[in-house]
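A.B. asks: Below are the C-alpha cells for one structure; questions will follow.
The values are calculated or read from the model by the stated rules, or taken from the named source; none is laboratory data. Quick caveat, the model's predicted, so the values are computed rather than measured. Cβ coordinates were reconstructed from backbone atoms using ideal geometry, including for glycine residues, and neighbour counts include every protein chain displayed.
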Ligand SMILES: Cc1cc2nc3c(=O)[nH]c(=O)nc-3n(C[C@H](O)[C@H](O)[C@H](O)COP(=O)(O)OP(=O)(O)OC[C@H]3O[C@@H](n4cnc5c(N)ncnc54)[C@H](O)[C@@H]3O)c2cc1C
Ligand SMILES: *[C@@H]1O[C@H](CO)[C@@H](O)[C@H](O)[C@H]1NC(C)=O
C-alpha cells in the first residue's frame, strides 16, 4: 500500500488504541473527511471503573466533536464538590451551579458510557475504520511514511500511514518502541488506591455530589456517578499489598471510613479495582511521523479528574495541528509545537495540581486544614463571591491552547510562528489554586 504525500498535506492516519482518546481523535478527523484506521488489541471497549468526571476544557472538545449534548444527557452535571473530615464535618465546598448555562461545565459520566457514545458516532463516519484484535508489536518510519507491525487473528502484517498516533494508554507500545520499555520519566506514589463502584446511600448522611475526605490513613473520595444511586468510592491504601489483600481489606475500610460505618450487607459493590498511581511524562510527544496523546504520553493520579481531561485537550490540539497540515495551512513543524505545548501544560498545570489534590487528602492534619491549606481557603471564598467562584472553577481552562494561531492563514501568524509559542502561566496559581 503506497501512501502519497499529496498537496492536500497527507492522505491517511492510523490511531493505535480505541480508548476514549483514540475514539475522540478518530471521530474529529473522520468528521473532517480524513481517512483514519483505528487498531485495538482487545476485542471490545474497556469496562474498568476509571474516569468519571470531565472538566471544562474536555467538555469544550466533546462539544466540538458533536457529542457534548449526549454526554450531558446520559450523565449529569455535578452540583457541590466538598472536602470533609472523616466524621462528615464539611470544611469547604464549591457550588457548580454558578456555571449553569455554560456549555463547557463539568459533566460526570462513567468512562465506559463515554466510550460507547464516541464509538457509536465514529462507526457512522465513512472514512473511519475500526479493527479490533489488532495488536501493534513494532513500529518504523522513513522519509515518506510510518508503519506498524500488527498481530491479528489473520497473522502478522504491516500497515502504513502518513502519521501514526499512539492513543494506546499507560502501557503504550508506541511510547515504548520510541523511547525504550522502561523510559517513562516521573514517579510512582507509595500510596496506592482502590477504586470501587458502590451502591450506598450517601445522601442519607448529607453527602454532596462529590466528597473528598481528609484523613492521614482513611482518606477517600465518594462521588455520585449515576442518577440511580451508584457512587465511585476511591480510597487510599497501604503500600506493598497484593491485589487480593487489598480486596480482602475492603469491608474493614468501608466500615471504618464511610458514614454510617456500614456492614457489607448495607451496600453493594458493582466493581472494585486496585491501582498503582503515577506522575509521568514522556520525553517527547512527537518523533517524526509518530505522535502520542493522553495516557500514552502522561499519567497523573485520578484525584481531581485531570487524567483524561488533559488527554482530551491533547486530542483537540493534535486534531487542529493535523487538520492544518492536511489543509495545507501548516507545515509538519506544528507537531513540534504540539509536543512542546502539551508537555509544558502537563509540567506546569496537571502534574502540580493533581499532586496537590491527592496530598491534600492524606498529608495534612484535618483539624488544621482550614488554617493552613490555601486551596481550601479559596474554596471558602467561592461561597460568598460568585465571580471568583466562576473564575476558580474555569481556571483549568489554562490547559487549552489554540494551535490554529500557528496556521499560515491566521491573523498575526508571523508573531505566532514556530519558536514564539511560549505562554505565560502567571495568574494560573490564583485561578486554579496551586499553592505549594
Ligand atoms: C480510578 C481512576 C479514576 C479516574 N478518574 C478520572 C476522572 O474522573 N477524570 C479524568 O479525566 N480522568 C480520570 N482517570 C484517568 C482516565 O481513566 C485515563 O486518563 C483514560 O482512561 C486514558 O484514556 P486513553 O484513551 O489515553 O487510554 P486507555 O483508555 O487506556 O486506552 C488505551 C487503549 O489502547 C489499547 N492498546 C494498548 N496497547 C495496544 C497495542 N499494542 N495495540 C493495540 N491496542 C493497544 C488498549 O487495549 C486500550 O483499549 C481515572 C483513572 C483511574 C484509574
Ligand atoms: C485557515 O485554514 C483553516 C484550515 O483549513 C480554516 O479552517 C480556517 O477557516 C482558515 N482561516 C482563515 C482566517 O482563513
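A.B. asks: From 206, 236, which residue is modelled with pLDDT of 95 or more, out of contact with any helix residue (DSSP H, G or I) (no Cβ under 9 Å at 6 or more places or on another chain) and either within 23 Å of residue 357 (Cβ to Cβ) or not assigned by TED's automatic domain parsing to the domain that holds residue 37 (or both)?
C.D. replies: On the way: 236 fails: out of contact with any helix residue (DSSP H, G or I) (no Cβ under 9 Å at 6 or more places or on another chain).
Exactly one residue qualifies, and that residue is 206.
A.B. asks: Right, here's the next one. Of all residues in region 318-356, count the ones that are out of contact with any helix residue (DSSP H, G or I) (no Cβ under 8 Å at 6 or more places or on another chain) and without any contact (Cβ under 8 Å) to a residue 60 or more places away in the chain.
C.D. replies: Selection size over region 318-356: 1.
A.B. asks: If you check residue 325 against the conditions, is it surrounded by 18 or more Cβ atoms within 10 Å (Cβ to Cβ) and within 16 Å of ligand 2 (Cβ to nearest atom)?
C.D. replies: Working: surrounded by 18 or more Cβ atoms within 10 Å (Cβ to Cβ): yes; within 16 Å of ligand 2 (Cβ to nearest atom): yes.
Taking the combined requirement at face value, the residue satisfies it.
A.B. asks: Taking the criterion of being in a helix (DSSP H, G or I) and surrounded by fewer than 18 Cβ atoms within 10 Å (Cβ to Cβ), would at least one residue in region 255-263 satisfy it? Step through it out loud before you land on a result.
C.D. replies: So in region 255-263, the residues in a helix (DSSP H, G or I) come out as 255-257.
After this cut, where a residue has to be surrounded by fewer than 18 Cβ atoms within 10 Å (Cβ to Cβ) as well, the list is 255-256.
Yes.
A.B. asks: Touching a strand residue (DSSP E or B) at 6+ places or on another chain (Cβ under 6 Å) and within 14 Å of ligand 1 (Cβ to nearest atom) - does that describe any residue in region 320-337?
C.D. replies: No; the residues of region 320-337 include none that is touching a strand residue (DSSP E or B) at 6+ places or on another chain (Cβ under 6 Å) and within 14 Å of ligand 1 (Cβ to nearest atom).
A.B. asks: Just to be sure I understand, how many residues within region 99-144 are touching a helix residue (DSSP H, G or I) at 6+ places or on another chain (Cβ under 7 Å), part of a loop (DSSP other than H, G, I, E, B) and surrounded by fewer than 15 Cβ atoms within 10 Å (Cβ to Cβ)?
C.D. replies: 1
A.B. asks: Give region 378-411 a look and list any residue that's within 23 Å of residue 56 (Cβ to Cβ) and either without any contact (Cβ under 8 Å) to a residue 24 or more places away in the chain or not assigned by TED's automatic domain parsing to the domain that holds residue 335 (or both), or say none.
C.D. replies: Matches in region 378-411: 381, 384, 385, 387, 388, 405.
A.B. asks: Scan region 383-411 residue by residue and report those that are within 16 Å of ligand 2 (Cβ to nearest atom) and touching a helix residue (DSSP H, G or I) at 6+ places or on another chain (Cβ under 8 Å). Spell out how you get there, then give the answer.
C.D. replies: Pass one, region 383-411, residues within 16 Å of ligand 2 (Cβ to nearest atom): 402-411.
Answer for region 383-411, where residues must be within 16 Å of ligand 2 (Cβ to nearest atom) and touching a helix residue (DSSP H, G or I) at 6+ places or on another chain (Cβ under 8 Å): 402, 403, 404, 406, 407, 410.
A.B. asks: While we're looking at this one, here's another question. Given the structure, is residue 165 within 20 Å of the chain's Cα centre (by Cα), closer than 30 Å to residue 10 by Cα and not in a loop (DSSP other than H, G, I, E, B)? Let's see the steps before the verdict.
C.D. replies: Working: within 20 Å of the chain's Cα centre (by Cα): yes; closer than 30 Å to residue 10 by Cα: yes; not in a loop (DSSP other than H, G, I, E, B): yes.
Yes; evaluated as a whole, the condition is true for this residue.
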